[in-house]
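What follows is one structure encoded as structure tokens, with my remarks underneath.
The values are calculated or read from the model by the stated rules, or taken from the named source; none is laboratory data. Keep in mind the model is a prediction, meaning the values are calculated, not measured. Note: ideal-geometry Cβ built from the backbone for every residue, glycine included; neighbour counts use all protein chains shown.
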Amino acid sequence: MNKKRVLSGVQPTGELHIGNWLGAIRNWVELQKTHETFVCVVDLHAITVPHDPALLAKETLSTAALYIACGMDPKISSIFIQSQISAHSELCWILNCLTPLNWMERMIQFKEKSIKQGDNVSIGLLDYPVLMAADILLYDADLVPVGEDQKQHLELARDIAQQRINSRFGSEEQPILKVPSPLIIKEGAKVMSLIDGNKKMSKSEPNEGSRIALLDPPEVIAKKIKRAKTDSFIGLEFGNKERPETENLLSIYAILSGLGKEKAAKDCESMGWGTFKPLLTEVTIDALRPIQEKYVELIKDPTELNKILNDGRRSASEVAELTLEKVRRALGFFNAV
Ligand code: TYM
């Protein structure tokens, strides 16, 4: 039986943080054992906001290296760079012409990000979820493992596939595109900022103290956790709406220590911050150490990384070209005979 297919990606904008790992990459690593897995570094998405050309290629390579350092295995998964496969842009254009503008204007991330850009909002920023739909639909993905914040984008990809392509140009028996399902694993799906438990941990937040980057050295991790916002209640607990920071820090601890929520809550129920924070620091440093060691090894040898990305490009391109061809045919584009 054919394996089900998985596709996902991360933008190479700034340093990846534990939210990206716990909400997304960690799940890819598990899924690759049982699914045909494609993961890309979505560099075309990175230019939807002003970017530094001197950093784009470097951060793209570094993101790919982090995928592998986190456990993605190039022997069983395809790891590739989005912009190296032109089918992404081509399908995006086709989908653009079929997607109503008012669907795009509803996107929460667009609203949030466009506020930050002021008068400088690009069409790319508005169009970003259509490009994301193209990323997914090109690979006939069954499952798209992402964090909570991408749920609305996934719904859009489903609506485009179903309502704008399959029902107009295909038939029920012969759909043109596979309608993907999001995979949002509750534990880790929304890691919050260290300085505000009501805000998502984010690469674009100017205050670096709000996130723990996967490559932060131990002393930086210690400092960030020491400064993380807390509250004045005694003991740690889950489920108290007045304590968003506690919910977040205890959740991170439960995952990174491997104890799980129940045991972590029990162990920490009467702990003060002075005891808990060093403990959280220790498990975070220990959890990130193997990733950091593997990353250093990989980034020293760009030849090996380039080879992995070339192989990934080849296998991804085969699948993407087939889907694009199917769409081109269904929409009636000229084909030389
Ligand atoms: P990006 O680069 O913002 O984030 C990459 C992945 O990390 C997840 N994530 C989080 N999970 C938990 N807690 C957080 N604080 C947190 N912050 C980020 C995101 O949900 C995501 O899974 N549009 C996407 C990239 C993309 C994509 C795709 C993803 C482009 N094409 C196709 C899947 C499939 C984005 O900006 O993710």
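Looking only at region 210-241, count every residue that is exposed (fewer than 14 other Cβ atoms within 10 Å of the Cβ) and aromatic (Phe, Trp, Tyr) and tell me the total.
Selection size over region 210-241: 1.
Inspect all residues belonging to region 5-12 and state whether any of them is at pLDDT 95 or above, more than 20 Å from Ser315 (Cα to Cα) and within 11 Å of the ligand (Cβ to nearest atom). Walk me through how you get there before you give the answer.
Here is the first cut: in region 5-12, the ones at pLDDT 95 or above are 5-12.
Now restrict to residues that are more than 20 Å from Ser315 (Cα to Cα): 11-12.
Next, only the ones that are within 11 Å of the ligand (Cβ to nearest atom) stay: 11-12.
Looking through region 5-12, at least one residue is at pLDDT 95 or above, more than 20 Å from Ser315 (Cα to Cα) and within 11 Å of the ligand (Cβ to nearest atom).
Considering only region 104-117, I want to know if a residue exists there that is among the acidic types (Asp, Glu), within 15 Å of the ligand (Cβ to nearest atom), touching a residue at least 12 places away in the same chain (Cβ under 8 Å) and under 17 Å from His153 (Cα atoms).
Here is the first cut: in region 104-117, the residues among the acidic types (Asp, Glu) are 105, 112.
So of that shortlist, the ones also within 15 Å of the ligand (Cβ to nearest atom) come out as 112.
Checking the rest, the ones that are also touching a residue at least 12 places away in the same chain (Cβ under 8 Å) come to none.
Looking for residues that are among the acidic types (Asp, Glu), within 15 Å of the ligand (Cβ to nearest atom), touching a residue at least 12 places away in the same chain (Cβ under 8 Å) and under 17 Å from His153 (Cα atoms), one finds none in region 104-117, hence no.
Mind listing whichever residues of region 99-150 are of a type in the set (D, E, K, R) and at positive phi? Please lay out each step first, then the result.
Keep residues of region 99-150 that are of a type in the set (D, E, K, R), which gives 105-106, 111-113, 116, 119, 127, 135, 140, 142, 148-149.
Matches in region 99-150: Asp140 only.
Conditions tested, residue by residue: (1) under 22 Å from Gly19 (Cβ atoms); (2) of a type in the set (D, E, K, R); (3) surrounded by fewer than 20 Cβ atoms within 10 Å (Cβ to Cβ).
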{"residue": "Cys97", "(1), (2), (3)": "no, no, yes"}
{"residue": "Met104", "(1), (2), (3)": "no, no, yes"}
{"residue": "Lys111", "(1), (2), (3)": "yes, yes, yes"}
{"residue": "Gly147", "(1), (2), (3)": "yes, no, no"}
{"residue": "Glu155", "(1), (2), (3)": "yes, yes, yes"}
{"residue": "Asp159", "(1), (2), (3)": "no, yes, yes"}
{"residue": "Phe169", "(1), (2), (3)": "no, no, yes"}
{"residue": "Glu187", "(1), (2), (3)": "yes, yes, yes"}
{"residue": "Gly197", "(1), (2), (3)": "yes, no, yes"}
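Among (1) buried (at least 19 other Cβ atoms within 10 Å of the Cβ); (2) closer than 19 Å to Val296 by Cβ; (3) more than 13 Å from the ligand (Cβ to nearest atom), there is one condition Lys58 misses while meeting the rest; what is its number?
Unmet condition: (1).
Name every residue in region 132-148 that is near the ligand (Cβ under 9 Å from one of its atoms) and of a type in the set (Asp, Glu), in order of residue number.
Of everything in region 132-148, those that are near the ligand (Cβ under 9 Å from one of its atoms) and of a type in the set (Asp, Glu) turn out to be Asp135, Glu148.
Using beta carbons and a limit of 9 Å, which pairs, at least six apart or on different chains, have the first residue in region 183-194 and on the phi > 0 side of the Ramachandran plot and the second one buried (at least 22 other Cβ atoms within 10 Å of the Cβ) and of a type in the set (A, V, I, L, M, F, W, C)?
Close Cβ pairs (under 9 Å, with a partner that is buried (at least 22 other Cβ atoms within 10 Å of the Cβ) and of a type in the set (A, V, I, L, M, F, W, C)) amount to Gly188/Ile18; Gly188/Trp21; Gly188/Leu22; Gly188/Ala24; Gly188/Ile252.
Hey, any hits in region 300-321 for a residue that's surrounded by 15 or more Cβ atoms within 10 Å (Cβ to Cβ), touching a residue at least 40 places away in the same chain (Cβ under 8 Å) and in contact with a Lys or Arg (Cβ under 7 Å, 6 or more places away or on another chain)?
no
Taking the condition within 13 Å of the ligand (Cβ to nearest atom), of a type in the set (D, E, K, R) and closer than 25 Å to Ile123 by Cα, does Glu90 pass?
On the way: within 13 Å of the ligand (Cβ to nearest atom): no; of a type in the set (D, E, K, R): yes; closer than 25 Å to Ile123 by Cα: yes.
So Glu90 does not fit the description; no.
Filter region 10-41 for residues that are in contact with a helix residue (DSSP H, G or I) (Cβ under 7 Å, 6 or more places away or on another chain) and closer than 16 Å to Ile76 by Cα and give the result.
Once the filter is applied, which keeps residues that are in contact with a helix residue (DSSP H, G or I) (Cβ under 7 Å, 6 or more places away or on another chain) and closer than 16 Å to Ile76 by Cα, region 10-41 yields Ile25, Thr37, Phe38, Val39, Cys40.
Quick one: which helices (runs of 4 or more DSSP H) sit completely within region 105-205 and have at least 3 residues that are basic (Lys, Arg)?
Working: elements: 108-117, 123-137, 151-159.
Per the criteria, 108-117.
Can you tell me which of Lys203, Lys151 is modelled with pLDDT under 95, closer than 28 Å to Gly312 by Cα and within 12 Å of the ligand (Cβ to nearest atom)? Can you show your working first?
Numbers: Lys151 fails: modelled with pLDDT under 95.
After ruling out the rest, the residue left standing is Lys203.
Can Leu125 be described as farther than 30 Å from Asn248 by Cβ, more than 10 Å from the ligand (Cβ to nearest atom) and either crowded, with 16+ Cβ neighbours inside 10 Å or without any contact (Cβ under 8 Å) to a residue 24 or more places away in the chain (or both)? Can you show your working first?
On the way: farther than 30 Å from Asn248 by Cβ: no; more than 10 Å from the ligand (Cβ to nearest atom): yes; either crowded, with 16+ Cβ neighbours inside 10 Å or without any contact (Cβ under 8 Å) to a residue 24 or more places away in the chain (or both): yes.
Against the criterion (farther than 30 Å from Asn248 by Cβ, more than 10 Å from the ligand (Cβ to nearest atom) and either crowded, with 16+ Cβ neighbours inside 10 Å or without any contact (Cβ under 8 Å) to a residue 24 or more places away in the chain (or both)), Leu125 does not qualify.
Is one or more of the residues making up region 170-178 within 14 Å of the ligand (Cβ to nearest atom) and more than 23 Å from Pro100 (Cβ to Cβ)?
no
Looking only at region 35-49, decide whether some residue is among the acidic types (Asp, Glu) and within 11 Å of the ligand (Cβ to nearest atom). If you could, list the steps in order and put the result at the bottom.
Narrowing region 35-49 to residues among the acidic types (Asp, Glu): 36, 43.
Adding the requirement that they be within 11 Å of the ligand (Cβ to nearest atom) leaves 43.
Within region 35-49, one or more residues are among the acidic types (Asp, Glu) and within 11 Å of the ligand (Cβ to nearest atom).
Is it the case that Thr275 is out of contact with any strand residue (DSSP E or B) (no Cβ under 8 Å at 6 or more places or on another chain), of a type in the set (Ser, Thr, Tyr) and surrounded by fewer than 16 Cβ atoms within 10 Å (Cβ to Cβ)?
Here the answer is yes, as Thr275 does meet what is asked.
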